[in-house]
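The values are calculated or read from the model by the stated rules, or taken from the named source; none is laboratory data. Remember, it's a predicted structure, so these values are computed and weren't measured experimentally. Here the Cβ positions follow ideal geometry from the backbone for every residue, glycine too, while neighbour counts run over all protein chains shown. The area values use the complete protein model at the heavy-atom level, side chains included, leaving out ligands, DNA and RNA. Shrake-Rupley method; radii C 1.70, N 1.55, O 1.52, S 1.80 Å.
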Amino acid sequence: QVQLVESGGGLVQPGGSLTLSCGASGFDFSHVEMMWYRQRPGKEREFVAQIGENSDYFHYDDGVKGRFTISRDNARRMTYLIMQNLEPVDTGVYYCKNEEGAWGQGTQVTVSS
């Protein structure tokens, strides 16, 4: 079955960095665009970043541009979200998603001193 599993979340201080990973199975990973979304407390789930099939396309929400980087490794069937200069407003559950509509269960990111 289609499966997306996020990992790497945790507690980090403001200004710190964290890298999230998403392992994928059950679909043709190398021909499917990947995305990251997040849901912050009291807010709707929102788009964060997107990457093309061969790392040939990138798109970011304006609020994370310059701080977050999305990447993928098709051989490993993995996608990553590298987060830098984290702020308390980045706190939330981060979800991996593919262009076919499959979602992971999410991983918690908490930015707090």
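Overview of results
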read-out: Centroid-to-centroid separation of region 42-56 and region 86-113 [C-alpha atoms, Å]; value: 10
read-out: Loop-located GluC sites (Glu not before Pro) in region 27-89 whose Cβ has at most 12 other Cβ within 10 Å (DSSP); value: Glu44
read-out: Rounded to 5, the percent of DSSP beta bridges in the chain classed as antiparallel; value: 90
read-out: Global form of region 33-113, assessed from the alpha-carbon gyration tensor, a/c cut-off 1.5; value: prolate
read-out: Solvent exposure of region 1-109 as accessible area per residue, Å², 1.4 Å probe; value: 51
read-out: Portion, in percent, of the accessible area of the chain that falls on carbon or sulfur, probe 1.4 Å; value: 45
read-out: Region 17-86: trypsin sites (Lys or Arg not before Pro) in DSSP coil with no more than 12 other Cβ atoms inside 10 Å; value: Lys43, Lys65, Arg76
